[in-house]
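Undergrad: Before anything else, here's the structure in question.
Throughout, read-outs are computed from the coordinates displayed, never taken from laboratory work. Quick caveat, the model's predicted, so the values are computed rather than measured. Ideal geometry is used to build each Cβ from the backbone, glycine not excepted, and the neighbour counts take in all protein chains shown.
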Amino acid sequence: MTDQLPRQDFVEITITIRVPTGVTPIVSVDTAKPNPAPAEPESSDLYNVTSKLVGTFYRTPNENEKPFAEVGDTVEKGQTVCIVEAMKVLNEITYDGDKPMKVLSFPVENAAVVEACVPLVVLEPIPEE
């Protein structure tokens, strides 16, 4: 039965258990399927704006100002879309694509700690008319 599945779906392991004579070990094997791979974006045309550093993500320059970008806004090359604070330095994160795009979502909550390479802003192409 296992010969019918692709080879990469299996990991082979060997376990040696030593128990005293007269003791019967109870072995449990989890046969659940591994976690599925993350869902692919619905469109390969989506563009993720990411940070190159670890820090705190902010959508606004400060709490009294409006966000750099909102869902539905059009962003141009070089436009700041958010900031990431790292070691008390506010680092502007800009869109570096060639074509204007529309903001689809912000997968990260404002003031959340983010890792490097995590999508901060998801952009989608603007339909040509």
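Undergrad: What is the local net charge at THR50, summed over the other residues whose Cβ is closer than 13 Å to its Cβ (Lys, Arg +1; Asp, Glu -1)? If you can, show how the numbers build up before the last one.
TA: Numbers: positive: LYS52; negative: ASP96, GLU115.
Net of charged neighbours comes to -1.
Undergrad: Give the Rg/Rh ratio for segment 42-129, taking Rg as the radius of gyration of the Cα atoms and Rh as the Kirkwood radius, to two decimals.
TA: Working: Rg = 12.6 Å, Rh = 13.1 Å.
Ratio value, two decimals: 0.96.
Undergrad: Around PHE68, under 10 Å between beta carbons, what's the net of Lys plus Arg minus Asp minus Glu among the other residues? Show your work: numbers first, answer last.
TA: On the way: positive: ARG59, LYS66; negative: GLU65, GLU70, ASP73, GLU92.
Local charge sum for PHE68: -2.
Undergrad: Right, another one. I want the local charge near ASP96. Using Cβ-Cβ distances under 12 Å, sum +1 for each Lys or Arg and -1 for each Asp or Glu among the other residues.
TA: Numbers: positive: LYS52, LYS77, LYS99; negative: GLU76, GLU92, ASP98.
Here the charged neighbours net out to 0.
Undergrad: Taking the alpha-carbon distance from LYS66 and a cut-off under 23 Å, which lysines remain once sequence neighbours fewer than 8 residues away in the same chain are dropped?
TA: Candidates past the 8-residue exclusion: LYS77, LYS88, LYS102.
Undergrad: Please compute the length gained on full extension between VAL71 and GLU115, using 0.36 nm multiplied by the number of residues separating them and subtracting their Cα-Cα distance. Please report the intermediate quantities before stating the final value.
TA: Numbers: separation 44, 0.36 × 44 = 15.84 nm, distance 2.22 nm.
Here the segment from VAL71 to GLU115 would lengthen by 13.6 nm.
Undergrad: Okay, moving on. Using unit Cβ charges (K, R positive; D, E negative) and no other charged atoms, how large, in debye to the nearest 20, is the dipole of segment 47-125 about its Cα centre? Please report the intermediate quantities before stating the final value.
TA: Working: 7 positive and 12 negative charges, 20 e Å.
Computed charge dipole of segment 47-125: roughly 100 debye.
Undergrad: If you scale each eigenvalue of the Cα gyration tensor by 5 and take the root, what three semi-axes come out for segment 85-129, rounded to whole angstrom and sorted largest first?
TA: Working: eigenvalues 126, 31, 12 Å².
For segment 85-129, the ellipsoid semi-axes come out as 25, 12, 8 Å.
Undergrad: Per 0.36 nm of contour for each residue apart, how much would the distance between ASN62 and GLU128 grow if the chain were fully extended, relative to their Cα-Cα spacing?
TA: Extending this stretch completely gives an extra 20.3 nm.
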